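Asks: The structure's right below; bear with me while I get my questions together.
The values are calculated or read from the model by the stated rules, or taken from the named source; none is laboratory data. All values derive from a computational prediction rather than experimental measurement. Positions of Cβ are backbone-derived with ideal geometry, glycine not excepted, and every protein chain shown enters the neighbour counts. Ligands, DNA and RNA are excluded from the accessible area calculation, which covers all protein heavy atoms including side chains. Shrake-Rupley method; radii C 1.70, N 1.55, O 1.52, S 1.80 Å.
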Amino acid sequence: MRDFYCQCGNSIFFRNTRCLVCQRQLGFAPEARIMTALEPLDATRWQVPAAGRIEGRIYRRCQNYAQYDICNWLVPDESPHHFCASCRLTRTIPDLGPPRHLELWNRLESAKRHLIFNLYQLGLPIVGRAEDPDFGLAFDFLADADAETEFTEALAGRDPIATGHANGVITINIAEADDVARARMREQMGEHYRTLIGHFRHEVGHYYWARLIDGGAWIDEYRDMFGDERADYGQALQAHYDNGAPPDWQERFVTPYASAHPWEDWAESWAHYLHIRDTLDTATEYQLVRSPPWEQDPRDFDALMHRWTHLAIGMNAVNRSMGLADAYPFVLNAGARAKLDFIHRVIEPFETA
Ligand SMILES: [Zn+2]
Ligand SMILES: [Zn+2]
Ligand SMILES: [Zn+2]
């Protein structure tokens, strides 16, 4: 994540809606990919002040800001839309009747905007349902249990909501936005890491597998490395939940769950690739990492891994000093690294285009 600056010079963050120093309104301009200060123009329109790349442009606030105060992205004034580029990807919002749902939905949209920003940075195509009704990207945020009980009690008459991906539609159970419920699920699943942004990165990995790998030029190399995804998915998942990961998973997979099926291996590896790229980007922005002295090309995969290993070890040590869990509780074995390198090569043409 980038460090952004207000018109007044104050450092501002991706989630901000107002500068705490000069009190200017702030918003994120998706098409320019920057946070910007705003001057009021009239009741609904805002103008970017002088200086900077998008000087003078006129925007409206996303309707989810006006109505619910949960979005800081902007809509260009000439756009026919009321919602921003991120909110337009949400197909279903949770029932806002239960009082806690608004805050949980807010967290989901915030994590989603972070994801979309990362996808913009990597130059990856984002095709929504409006353009591709059958396979376009969309998000359903749904509840199947009572938020007031930290999601321990099922809601009457609701089917269980499984977080997952199908034909471009990513479903997230809003219980994942509840810290207590998510920690309990992490314990039950025996995981070391479970976050909202992690869910978004994993599930969007399935979307990109369908777009970038399925039936394309990479499919043979994918199958050599990850296995044949035509293996029965339902049976493979059941076997994983019954028997757990194979004893040698730590030599081949990034996580135990990655061993369940070649699709899950891809999605887990994809999520880690996005973790690494975004966290390195943030650390570089705050001058916490240095390039290895032999580095010629900052996009070189080995140099990327060198910087990441150094940063991950440092972050974990710093967290331990604060009495917190490891920030990156994983070891990247040779097999997992080769898969990350593959994803790096798949993404490269988009990023450099
Ligand atoms: Zn300011
Ligand atoms: Zn929005
Ligand atoms: Zn998955």
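Asks: Rounded to a whole number, what % of the accessible area of the chain do carbon and sulfur atoms account for, probe 1.4 Å?
Replies: Exposed carbon and sulfur together represent 51 percent of the surface.
Asks: Return the long-range amide H neighbours of ALA145 (sequence gap of 5 or more, or a different chain), with a cut-off of under 5 Å between placed amide H atoms.
Replies: For ALA145, whose amide H was placed from the backbone, the distant partners under 5 Å are LEU155.
Asks: Oh, and also: Could you state the accessible area per residue of the chain in Å², with a 1.4 Å probe and every protein chain left in place? Provide the component values of the computation, followed by the final result.
Replies: Numbers: 17410 Å² over 353 residues.
Computed with neighbouring chains in place, this is 49 Å² per residue.
Asks: Report the full-extension gain for the segment PHE14 to ASP95: residue separation times 0.36 nm, less the Cα-Cα distance, to one decimal in nm.
Replies: Length difference between fully extended and current span is 26.5 nm.
Asks: Now for a different question. How high is the relative contact order of the chain, given as a whole-number percent (alpha carbon pairs under 8 Å, six or more residues apart)?
Replies: The value is 12 percent.
Asks: In debye, nearest 20, what is the charge dipole magnitude of the chain about its Cα centre with +1 on Lys and Arg Cβ and -1 on Asp and Glu Cβ, if you could check?
Replies: Working: 35 positive and 51 negative charges, 257 e Å.
Dipole magnitude for the chain comes out near 1240 debye.
Asks: To continue, here is another question. In the chain, what % of DSSP beta bridges are antiparallel (nearest 5)? The partial results should precede the final answer.
Replies: Numbers: 20 of 29 bridges.
Around 70 percent antiparallel, to the nearest 5.
Asks: Check which residues have an amide H placed less than 5 Å from TRP73's amide H, if you skip close sequence neighbours.
Replies: Close amide H contacts, sequence-distant or interchain: PHE28, CYS62.
Asks: List, largest first, the extents of the alpha carbons of the range 215-353 along their principal axes, each in whole Å.
Replies: Computed over the Cα atoms, the extents are 47, 42, 20 Å.
Asks: Okay, next question. Give me the one-decimal nm value for the distance between modelled label points at ALA166 and ALA130, 7 Å along each residue's Cα-to-Cβ direction.
Replies: 2.5 nm
Asks: Under a plain spin-label model, where a point goes 7 Å from the Cα along Cα-to-Cβ, how far apart in nm are ASP220 and ASN106?
Replies: That separation, rounded to one decimal, is 5.3 nm.
Asks: So, one more: Mind listing the long-range amide H neighbours of ILE170? Cut-off is under 5 Å, sequence gap 5 or more, other chains count too, H placed in the peptide plane at 1.01 Å from N.
Replies: Amide H neighbours of ILE170: ALA138, PHE139, ASP140.
Asks: When the chain is treated as a GNM, springs tying every alpha-carbon pair under 10 Å, which of ALA336, ALA111, ALA217 comes out with the largest mean-square fluctuation?
Replies: Maximum among the listed residues: ALA217.
Asks: Something else: Taking the Cα atoms only, what angle lies between the long axis of helix 233-243 and the longest principal axis of the chain, rounded to 10 degrees?
Replies: That helix lies at roughly 70 degrees to the long axis.
Asks: So for the range 86-192, averaging the separation of alpha carbon pairs under 8 Å that are six or more residues apart and normalising by length, what relative contact order in percent results?
Replies: About 27 percent, as a whole number.
Asks: How much length, in nm to one decimal, is gained on full extension between ALA154 and GLN63, taken as 0.36 nm per residue of separation minus their Cα-Cα distance?
Replies: 29.6 nm
Asks: For the chain, compute the orientation-averaged projected area of the C-alpha convex hull (one quarter of its surface), in nm². Could the numbers behind the result be given before it?
Replies: Numbers: hull surface 81.2 nm².
Mean projected area of the Cα convex hull: 20.3 nm².
Asks: A further question on this structure: Considering only the other residues whose Cβ falls under 10 Å of the Cβ of ALA32, what net charge follows from Lys and Arg at +1 and Asp and Glu at -1?
Replies: Here the count lands on +2.
Asks: Ok, one more. Where in the range 248-348 are there GluC sites (Glu not before Pro) that are in a DSSP coil and have at most 15 other Cβ atoms within 10 angstrom of their Cβ?
Replies: GLU295
Asks: What angle do you read, to the nearest 10 degrees and between 0 and 90, between the alpha-carbon axis of helix 196-208 and the longest principal axis of the chain?
Replies: For 196-208 against the chain, the angle is about 70 degrees.
Asks: When Lys and Arg each count +1 and Asp and Glu each count -1, what net charge do the other residues less than 9 Å away from ALA138, Cβ to Cβ, add up to? Numbers along the way, then the final one.
Replies: Working: positive: ARG91, ARG129; negative: ASP140.
It works out to a net charge of +1.
Asks: Ok, one more. Relative contact order for the range 22-106: what percent, with Cα pairs under 8 Å and sequence separation of 6 or more?
Replies: In percent, rounded to a whole number, it is 19.
Asks: As a check on your grasp of the helix formula, calculate [θ] at 222 nm for the chain: sum -39500 (n - 2.57) over DSSP H runs of n ≥ 4, divide by the residue count, round to the nearest 500.
Replies: Estimated from H runs of four or more residues: -12500 deg cm²/dmol.
Asks: Convex hull over the Cα atoms of the range 86-192, averaged projected area in nm²?
Replies: Value for the range 86-192: 7.7 nm².
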